[in-house]
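One structure below.
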Amino acid sequence: MASYNAFFMTLFLFTAGLLLPYEVSSARSAPHPEKTMLERHETWIFKHGRVYKDASEKERRFKIFKENVERIDAFNNGEDKGFKLAVNHFADLTDEEFRIFHASGYNRSMQTTSFSDTTVMPEYYGDYGRYFKYANMQSVPDSVDWRDRGAVTPVKYQGQCGACFAFASIAAVEGINAITSGQLVSLSEQEILDCQQSSYHCNGGMMDNTYDFIRSNGITTESNYPYQGQQGYCQNSNPAVQINGYEDVPPNSEQDMLKAVANQPISVAIAGGDYYFKYYSSGILNTQCSTNTNHAVAVVGYGTTDNGRKYWIAKNSWGTGWGQEGYIYLARDVGDPRGLCGIATYPSYPTI
């Protein structure tokens with residue numbers, strides 16, 4: 001009996017000895033959540049060339065990065081909302097830092113005419129007493145994409161300068177110039193930063209004021225006056241493009257906005273500081289969003305998906321690493337006259 005028990009004890013110990021290394025190995029090879037996040041942060045740092053001043057700053061940024069990544073992962077792995085988020089170059093910034101550095105360039109305090117938040121003004125007069133010239137359009141194409149028609153330059157990057165108002169305005173001027181002249185020319189945002197006095201330069205401005213500056217002075221090319229990401233001294237330059245002025249689309253009317261975009265790219269104010277806007281990656285953004293506009297983009301098209309989802313196509317100035325190669329698709333006709341994220345509150349466009 002003793003030899004019988006000894007045999008099974010030996011067999012048990014032998015089996016346990018075989019299994020133990022596998023179990024220990026499995027435990028050691030299983031991914032550790034914190035280690036994986038640290039590795040993701042290091043990969044992200046390398047990809048975006050981020051440099052921290054010391055170990056304390058790096059640790060603080062890692063905590064912010066971790067919180068943002070976990071939230072993005074949870075959203076993408078949850079119920080399908082029709083759009084996705086991505087861990088982009090803003091991932092180690094707090095929401096407040098992001099708004100200060102990247103979503104504060106549309107400055108409504110410089111606005112000379114005030115409107116209520118919801119009033120639709122179908123007989124609104126544009127610049128210099130002109131009517132909204134597209135008001136009497138009876139029909140528009142089902143879809144328009146000015147990128148396909150050679151009227152949109154490559155996506156640009158404003159950096160940590162609140163110059164979105166200049167980028168949105170210049171994109172619209174580039175568009176109407178290409179449509180009327182047949183020549184797509186990249187124009188200078190830096191000239192606007194340096195020379196336009198009716199703005200706060202890297203602290204924000206308004207698109208209408210930018211159009212007014214270009215009407216009076218013209219605008220040179222980007223190659224002649226390249227972007228520096230900060231205000232400099234105004235340089236004399238030869239204008240490459242002139243405009244006659246600008247017109248404002250009647251505010252709070254996506255239908256009037258549709259008429260304008262059917263004819264040319266336009267500039268709009270938008271609430272760009274929201275979390276989903278910050279990390280937008282693909283799909284059609286259609287979620288609760290502020291209408292307190294603090295950012296500016298150019299709307300370069302619109303359309304409808306096969307299953308009937310209407311959208312706007314907006315060109316941003318946060319580089320090609322954000323959104324869909326620098327673009328965002330936003331839901332259209334959302335039931336709020338201001339549009340999703342306030343996109344229909346202050347649309348305008350240049351005239352030639």
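Descriptive notes on the structure:
- Condition met for I192 (closer than 16 Å to P350 by Cβ, within 22 Å of the chain's Cα centre (by Cα), among the aliphatic types (A, V, I, L, M) and modelled with pLDDT of 95 or more): yes
- The residue list T153, T119 contains one member that is at pLDDT below 95, of a type in the set (V, I, T) and under 27 Å from the mean Cα position of the chain (by Cα), which is T119.
- Selection status of Q324, among the polar types (S, T, N, Q), closer than 23 Å to I176 by Cβ and in the same structural domain as G205 (by TED's automatic domain parsing): no
- Residues in region 65-95 that are touching a Leu at 6+ places or on another chain (Cβ under 7 Å) and of a type in the set (A, V, I, L, M): I72 only.
- Selection from region 60-87 of residues that are surrounded by 11 or more Cβ atoms within 10 Å (Cβ to Cβ) and of a type in the set (D, E): E67, E70, D73
- Evaluated against (1) at pLDDT below 95; (2) assigned to a helix (DSSP H, G or I), S199 falls short on exactly one condition, (2).
- Positions within region 302-332 being surrounded by 23 or more Cβ atoms within 10 Å (Cβ to Cβ) and on the phi > 0 side of the Ramachandran plot, in sequence order: G323
- Looking across region 259-284, the residues that are more than 12 Å from the chain's Cα centre (by Cα), surrounded by 21 or more Cβ atoms within 10 Å (Cβ to Cβ) and assigned to a loop (DSSP other than H, G, I, E, B) come down to Q264, P265.
- Scanning region 38-57 for residues that are assigned to a helix (DSSP H, G or I) and over 26 Å from the mean Cα position of the chain (by Cα) yields L38, E39, A55, S56, E57.
- From L193, L184, residue being in contact with a helix residue (DSSP H, G or I) (Cβ under 9 Å, 6 or more places away or on another chain) and in a loop (DSSP other than H, G, I, E, B): L184
- Scanning region 9-66 for residues that are modelled with pLDDT of 50 or more and of a type in the set (V, I, T), we see that the one that is farthest from G321 (Cα to Cα) is T36.
Here is a yes/no grid of residues against (1) polar (S, T, N, Q); (2) free of Cβ contacts under 8 Å to residues at least 60 places away in the same chain:
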{"residue": "M257", "(1), (2)": "no, no"}
{"residue": "G272", "(1), (2)": "no, no"}
{"residue": "Y275", "(1), (2)": "no, no"}
{"residue": "L285", "(1), (2)": "no, no"}
{"residue": "N294", "(1), (2)": "yes, no"}
{"residue": "A298", "(1), (2)": "no, no"}
{"residue": "I313", "(1), (2)": "no, no"}
{"residue": "W318", "(1), (2)": "no, no"}
{"residue": "Q324", "(1), (2)": "yes, yes"}
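- When residues of region 218-249 are limited to those that are free of Cβ contacts under 8 Å to residues at least 24 places away in the same chain and closer than 15 Å to S186 by Cα, the one surrounded by the fewest Cβ atoms within 10 Å (Cβ to Cβ): N238
- Residue under evaluation D256, criteria (1) farther than 18 Å from Y106 by Cβ; (2) touching a strand residue (DSSP E or B) at 6+ places or on another chain (Cβ under 8 Å); (3) assigned to a helix (DSSP H, G or I), criterion not met: (2)
- Here G335 fulfils each of the conditions (1) part of a strand (DSSP E or B); (2) out of contact with any helix residue (DSSP H, G or I) (no Cβ under 6 Å at 6 or more places or on another chain) apart from (1).
- Selection from region 285-303 of residues that are in a loop (DSSP other than H, G, I, E, B) and at pLDDT 95 or above: N286
- As a summary of the residue check, G126 satisfies the conditions (1) over 24 Å from N203 (Cβ atoms); (2) at pLDDT below 75; (3) touching a helix residue (DSSP H, G or I) at 6+ places or on another chain (Cβ under 8 Å) except for the one numbered (3).
- Residues satisfying the stated conditions in region 177-192, i.e. free of Cβ contacts under 8 Å to residues at least 12 places away in the same chain and either surrounded by 17 or more Cβ atoms within 10 Å (Cβ to Cβ) or farther than 14 Å from Q242 by Cβ (or both): G182
The values are calculated or read from the model by the stated rules, or taken from the named source; none is laboratory data. Here the structure is a predicted model, which is why all the values come from computation and not from measurement. For neighbour counting, all protein chains shown are included, and Cβ atoms are generated from backbone atoms with ideal geometry for every residue, glycine included.
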